[in-house]
Every structure is written in structure tokens, then in C-alpha cells.
1. So which of A:Gln170, A:Gln161 ends up being over 50 Å from the mean Cα position of the chain (by Cα), at pLDDT 85 or above and of a type outside the set (D, E, K, R)?
2. With the checklist (1) surrounded by fewer than 18 Cβ atoms within 10 Å (Cβ to Cβ); (2) of a type in the set (A, V, I, L, M, F, W, C); (3) at pLDDT 80 or above in hand, flag the one item A:Leu554 doesn't pass.
3. Taking the stated definitions as given, is A:Lys425 surrounded by fewer than 16 Cβ atoms within 10 Å (Cβ to Cβ), within 14 Å of chain B (Cβ to nearest Cβ) and in a loop (DSSP other than H, G, I, E, B)?
4. Does A:His481 meet the test of being within 28 Å of B:Ile156 (Cα to Cα), within 11 Å of chain B (Cβ to nearest Cβ) and open to solvent by less than 30 Å² (accessible area, probe 1.4 Å)?
5. Pull up segment A:68-105, narrow it to residues that are under 30 Å from the mean Cα position of the chain (by Cα) and of a type in the set (S, T, N, Q), then point me to the one that is modelled with the highest pLDDT.
6. Before we move on, is B:Val139 within 8 Å of another protein chain (Cβ to nearest Cβ) and within 17 Å of the chain's Cα centre (by Cα)?
7. Can you tell me which of A:Ser127, A:Ser184 is among the small types (Gly, Ala, Ser), over 30 Å from A:Leu288 (Cα atoms) and in contact with a helix residue (DSSP H, G or I) (Cβ under 9 Å, 6 or more places away or on another chain)?
8. Of the residues A:Tyr509, A:Tyr530, only one is facing chain B (nearest Cβ under 9 Å) and in a helix (DSSP H, G or I); which?
Amino acid sequence: MLRAALPLLGLPLAGAGATEEPTQEPGSPGEPPPGLALFRWQWHEVEAPYLVALWILVASLAKIVFHLSRKVTSLVPESCLLILLGLVLGGIVLAVAKKAEYQLEPGTFFLFLLPPIVLDSGYFMPSRLFFDNLGAILTYAVVGTLWNAFTTGAALWGLQQAGLVAPRVQAGLLDFLLFGSLISAVDPVAVLAVFEEVHVNETLFIIVFGESLLNDAVTVVLYKVCNSFVEMGSANVQATDYLKGVASLFVVSLGGAAVGLVFAFLLALTTRFTKRVRIIEPLLVFLLAYAAYLTAEMASLSAILAVTMCGLGCKKYVEANISHKSRTAVKYTMKTLASCAETIIFMLLGISAVDSSKWAWDSGLVLGTLFFILFFRALGVVLQTWVLNQFRLVPLDKIDQVVMSYGGLRGAVAFALVILLDRTKIPAKDYFVATTIVVVFFTVIVQGLTIKPLVKWLKVKRSEHHKPTLNQELHEHTFDHILAAVEDVVGHHGYHYWRDRWEQFDKKYLSQLLMRRSAYRIRDQIWDVYYRLNIRDAISFVDQGGHVLSSTGLTLPSMPSRNSVAETSVTNLLRESGSGACLDLQVIDTVRSGRDREDAVMHHLLCGGLYKPRYRKDGMANTEATNGKPPRDLGFQDTAAVILTVESEEEEDSDSSETEKEDDEGIIFVARATSEVLQEGKVSGSLEVCPSPRIIPPSPTCAEKELPWKSGQGDLAVYVSSETTKIVPVDMQTGWNQSISSLESLASPPCTQAPAMTRLPPRSLVTEEPQAPLNLPSDLRPSFAFPPSLAKAGRSHSESSADIPQQQELQPLMGHEDHTHLSPGTANSHWCIQFNRGGRL
Amino acid sequence: MGSRSSHAARIPDVDSIRRETGFSQASLLRLYHRFRALDWNEKGYLSRVDLQQIGALAVNPLGDRIIDSFFPDGSLHLDFPGFVRVLARFRPVDDEDNGNRDPKEPEPLNSRMNKLRFAFQLYDLDRDGKISRQEMLQVLRLMVGVQVTEEQLESIADRTVQEADEDGDGAVSFLEFAKSLEKMNIEQKMSIRILK
């Protein structure tokens, strides 16, 4: 495939003298060396990669063209179109070059084209569904494939004995068995290509598709065993060889699976430590999966099985470990590679069929094979299903069986295997090649074309896509637990029992080992669903325009009540705090346009309603780890002042780690003062108050604990803030943090330490409200005088719990407008505006 | 165990139990053996302690609640018919169950609704026919790993209740519960194959 596309693709280049065998000297060899050439063709140097790129381009363009017409693709599966395109291209190549080029070469196929497809399908395999149906899948994959291979091979041999195959096909029983073994395996690529467009129900799909993946081990073994038997000659085959053949079935399949699992383990373990080098995360996934494939191939184990198991095994941990962006990158790269490989495979299949030099046609053999593979597939499915249904909770009905029989598509694997046959050992190779091509074409084109109408006509249950809901997820877990418990009560250790065991083992050991600690939550499925629903809401909300103020009736499905609370409270604050009670908000209210207000409100909405939990967790973790690094906000307020240089470094450090964490969490909008705001901050800084309000995502658990301290400091300073907030994507956050902390280190003696403030209104109100109880400032003033170490200690759990009453005392001090709209309990969590000093400049 | 009773006829009231639960003779016999085995000191009934001794139930997050559901109305003794009656909810749904059933007869124990009801009462601790936010929170606390904080749990609980709550009373009634699961194949999900 890599060799010379010149006749076809190089036609425009012909002027440069590029011929089939590229000339060593580009340009005209006859002339003397012209000194410095202005223009030189170096075709042969770039030839191979150039051609690969061109072929991929052609395939992609073809795909685009096909999909221009929805009508065509809805009727004809893409794989058919690609094969037909391949036939046409092959014809052109043949006409131009007078010989067939760019065939599907087994080496290319097995080493480069197949792995991405298998990895894609293994990685995105719905694992629950797969394991729920593992029994059926294994039966069809092992018993079914063995059955197909032997019956087809034997029947063909019988056909030959009956004289229906021309005598020039020189093949014995073993040859036919070999042919049967390679033609019998259902092909994952073909099945995937066709079934993805058909949308049958998940169970049916997973059974057919799982079979096509797992039967690789059987196919490989059968093929190798038969091949070596043929090469040894049937006379020399001993009884022990048969035993070895059976044993090698286990070695190849279990060995392949083991290789895959080992690499899955390695992969999961590696991604645990990529926190600081996020950029190579996607690469690791591909590298290790590919390494699994190559390793299995090297040890002549089942490579397909290895990659499948690798993808299946690592996904859970890898997804939890790598960042959100890496996850997206992995997903799309994998899909792109797989779809690319699939396209090329089908196109090359078409091209390869044109090469008639490899062909030798025998009608008896071709027709016989076609009939037998269809017949024995159907028979095998019926027999196996009958047995399986004795054990299945949900029996597979007749319609399912029809689809399964009919969906047994053969594909490129069979073709590549038949090409690999040795002509000297198997004289009938050419006949087998021709037959395989016909079978592949027949199954992909005829069956691929008709399976959609068939499914429609039989009214096969289609898969229905519905959005995941929290209820379903939660109840499904409940059901699992119930069933496991009932199995315990009944005393039957069945599937549910073992799954339960496995999950406990996984929780206790595997996840501990393979997941980074911060990733724990993601692996909880209920949490995961919740998280994804929130993300979706946020995105759709933003997509819809996201004007909070204008859409008063806005209700997100997620948390309408919270939204309304947040919204009313913030808008009301904005409106009513113009009284001068709250200088910060007053400034926001009077100076800034409605747009900014909307931004601010939008931010509160997003951070209060949507993202809050994650940050809480972070805050919590930070508080718990107080003895180590102080959390970022704390660092600003009470440590930076005293040991300026050291602490600010530490801040930066904790900042960056924080940012990394946040980076992990997808799209996060963090409201920040803009730089323009910073300018204003300088002005106000002359008032010995350095209010550069930073509205950061709330981490109420620590923030709440902070409250008394903050308010204590708050009454020392009048906060005039002329800043508004902007919503800044998290990407820009680091920069912001750095600028802040550099300002920080330039800044300020302790007395100007502006506290990080969780709650805006209380502080301002404490300062301004005339009716504020007098005892409050006196209560809190001493706290400000605490040395930093003590202040730090104040963050310990015991004291912070003691702080809570204080904090509750503060509640009534909030402005009435605030108080009426924020219920005490929820207010904290809804929007916590954390103010941070901008540094005295 | 086998020597004690190897015949279904030894089970008291075997016919009425069969009629009520729909279990096959073999399943009943199997369950009877299991019942006798759990009743290790041959009281003739099971107590809570007997069930709690099943090792895996102790680690099941819902274990206690499931044991409780074997002892309705605060009773302390579980006799064999009661035992079987609870387990009958997990019998797979046959074609016959849906086909020629006398509409006058009560719904079989393994009907979709009864399966759902079993799950529902695991949530509804106070038996008021509604899963309140608090009850949802308790279940979530059992099910979701320790790594999720209380506030997060609360927001999940809020959202879960909201999602299912249609009449806006802040709680999930049984009908709303069933509605939220209408797309799920309960008959399949809440059945155990060996309990034919």
C-alpha cells in the first residue's frame, strides 16, 4: 500500500520525471550538475509518507462526499460505498499502471489498520453490558467459531468429494479446514461498520460485536494450527499435536487477555502520576495500548483480545485520572483513527479485489462456501441459542437469532489471513483468495445493504437513547445491591454475587492503587452522572445566551430552587444596596453597566448552583491539610503579610496546584477582576484599603470557618471597591494568580492585610450598619491581632466549629434585604464572594 | 441438610405457597433447604440475627434495609411462607404471567409494580408513601462512596428528588418513582434466574 501511488496520484508529477521506479536523481540525469538548483523534485524521499497521507486524504474525502447526501448513506452502509469506491479506484490504477497496486497487505492491516479499530471498540465498550452478556458472547465466540470452521471446512471437503468442486482445486480435508477456519470468523470491522448504522438494541449488538472481537483468539489458533498441520502434511500429524492445538487455544486466548490486562494495569498506574504533564496523557493511552497489541502479536497471542481487554480494563481508571481535556482528546483521536482505519480497510479491500492475477475462480467452491457459511452460521446460532436460553434470564427470541445469523459478516481479517497463506504449501490458495473476496463482498455489500430493511421489517427492538438521569443511576445501584443481597439470602452465588465481590475488591484495593486521590469522586457513578448533568446544563444554559437577569423565569432542570434563590438574592442586593450600606456592591451597582451585573449574577449562578460541590471538596481538603500548605485564600490573608517572601512563594505553589486541580474539572468559569479593574484598585488602594475583589469559586467549608476572622478584620477597614467581576475562563487563571501574587509580594504590612472575605454583605454591614451590635466588633477585633500562627490554628477543626455560633450571630447582621432573600443555611453555599486584597500599591 | 427433607411434600402448605408465589416445586424445595439452613437452631422461623449472619449482607450498603423488608410491620419472626413471599418478587417474569391471567386475581408478586414497590420501600423508611429529600439523602449516603462530601450528597439528593418530583411537593411518591424508571426494564433488572 505504501508503495508508489505514482501512476494514479503522481500523474501531475509526471513532468518531473517521476516514473514507477523513481529516478535516483530528480530532474534530468543527463545534464551536468547545474550548481545550485532552484527547483528540485525530491519525490522519492517523501514518497512513502506522502502516499499514506494521500490515501488517507482520498478516503476522508470520499467519506465526506458520501455524507453529502443523506439519502444515500441512509440506504447504503458506508462500508459498501467504500468497497465500491475501492473497486473503481482499483480499476483506474489497473488501467493506468497495467498492474494492480496498493493492495491490502496483511502486514499493514494487522500492524497499523486493525489496532485502532479494536482499541476504539474495546475502550468504548459498554463494560457493564459486556459482562452481563459475557456467557453468551463467549459461547458464540468459542463454540460458534469452532462449529463454523469445522462444519464449513468439512462440508466443502464433502462437496469436493461429491465432485461439485472442479478437480483443479487441489485441496485435501486439512486445506479445507484451514480455509474454513479463516472464513468462519465474524469480522469486528465489518460488524461494527454495519451495526453502528442499524441501531439494534444493545443486547443484540453487544452479543454480535462481542463475539466478533473475542473470536479472534479462536480464529488465530485454528488458523495457526491448521496451517502448521498443512505444512507438516497430514500424515505427520500426531495425536499430541491435536492436544497441543487444544492447549494453544487456551494459551493464545488467556495469554492475550492477560497481556491486555497487564498493560491496562500499567496504563492506569502511569496515568496516576501524570498530574504535572497533562499533555502526554492521551499519548500514553495510545502508546500502551499499542504496546499491548504488539506484545501479544510478538508472543503470537491473540492481539485483538489483548487490546480489547486493555481498553476495557483501563478505561475506568484512566478516565478518572486524566484531565477532562485529555479525555476529550483521547476520545476524538481514537474515533478519528478508528474511522480512518476502517475507511482505508474497506477501500483497499475494494482495490485488492481488482487484482485478477491472484484470482482463480471456481463456481462450485464459491457458491458452496457462500451457502455453507450462511447455513451453518444460522444453524449454529439456533443450536447455541437454544442451549443458552436455558440459562438466560432474558431469552433471545427468534428475531434476535435471525439478526444474529444474518449479522455474521466476514471482512478484512479473513482476507488478510487468506493472503498470508503460502502458495507452495497450499496449491489451492488462489481459489481460496477468490472465494474469500466474494464472501467478504457478499456479506458486506449484500447483507450490509439488506440488514437495515430486515431489521425494520422484523421489528427488531431498536436501541433507544435516553439521557441518563440521576434517578435511574441511583436506582440501578439499588437494584444491584438488592439482587446481590437476595442472592446471599437464597444462598446462590451467582452473577450478582460475584459482581458485588468484584466491586468491593475494586473499591478496596484496585482503585486505591490505580487512581489518584483527587480522582476518587469521578469513579463514583452516581456522582459522575450528577456531574455530567450539571455540565450539560451549564453548557446549554450558556448556549442559550445565559442572560440571567433577562430570563427571570429561568429554570435549569438541575436546581431551579437554587437558581431562584441565588438570582433574587443577588439582583436584590445589587438593587438595594445602593444605600451606601455596602460599598462594594454599591460601586458595582452604580458604576457598572447591566452587562457586568449580569456577568456577576451569572457567575454566582454558575458557581453557586453548578460547580459548588467540587470546590467544596477542594476547600475541605485544604482545610484538612492545614498543617501543610495553607489553602490559597488563607495564604493571601494571613500568611503573606508576615513572612512575605516565603509565603508568597508558597502561595504561588499552592496556586498552581489549585489551578491544576481546577484544570481537571473541565470548563470552569472563575470570576476575576479584570486588569482594568486592577487599575482602579490602585486608586482605591491609596485609601489604605486594597480591595481587589476576587470572586472565586466558593469553597464554603473553609470559607465559613473563615468568616469570623474576616469580619474581625473587616471592621478595621472600609472597603471601597470599584471593581466588577468578569468571568474569566480558568485558562487565564494562572496568569491572574501570578500577577496577584506578585502584587502580593510587593505589598503590604500586616495592618493592610485585607482579608479574604467569604461573605460580602456581613462585613460591609458590620462596618456600616448603625444598628450592628456593639459587642461584635469587640468580639472580633482581637482575632485580627492574632499572630499568624494562631490565626492558622484558628483554622483547625475544633476552633472552626466553635466559630460557627459566632457566624450565626452574624447572620442577622446582614442587611435586611439580604436576610430576607438568603435563608441562613443556604446562603453560605449559594454564593460566596471571596474578596482578596489586591495589594497596596 | 438433604437428609432432613428431600421432598417438597415436607414443606408445610406447599400448595398454597406455590399458588401464591408461582415458584416451581424445585425452587421451593431449594428455598426450603436454604430456610432450614439459615434457621440453624431449628426454631422453625428466622430472626433478624439469622439473616444478619449471612456474611456478605453485612457489607451490603443496603443490607440492613433489605433484612428489614423481610420483617414487615415490625414482626420478629419470619416463617417460611413469609420468606418465600419476599423472594417471590424476584422471580423472573414468564410469558404465562402476562398471558392468560385472570384479571380478577391479584397481581402476581413478581409483577413490575411489586418489584418496584420492593425497591421503593427500601427508600421510604417512614412508610408515608413518599421518598423525602431526607430519605433520599440517607440512601445516597449509603451508596455513594465516602469521598463525596455531605454537601455534595445534599445537592445530589436535591437534584434527584427534583428530577423525579412532578407535583412539586419536594418528595417522590411511588407513582413518580415508577415513572422515573419507566424506561428501564425492571422485569429483567429485578429478577434472579434461579428463582424460577
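The values are calculated or read from the model by the stated rules, or taken from the named source; none is laboratory data. As the structure is a prediction and not an experimental result, all values here were calculated from the model. Don't worry about glycine lacking a Cβ; one is built from the backbone with ideal geometry, like all the others, and counts go over all protein chains shown. Side chains included, ligands, DNA and RNA excluded: accessible areas come from the protein's heavy atoms. Shrake-Rupley method; radii C 1.70, N 1.55, O 1.52, S 1.80 Å.
1. Answer to the selection: A:Gln161.
2. (3)
3. no
4. Yes, satisfied.
5. A:Ser79
6. In short, yes.
7. Testing whether each residue is among the small types (Gly, Ala, Ser), over 30 Å from A:Leu288 (Cα atoms) and in contact with a helix residue (DSSP H, G or I) (Cβ under 9 Å, 6 or more places away or on another chain) leaves just A:Ser184.
8. Of the residues listed, the single one that is facing chain B (nearest Cβ under 9 Å) and in a helix (DSSP H, G or I) is A:Tyr530.
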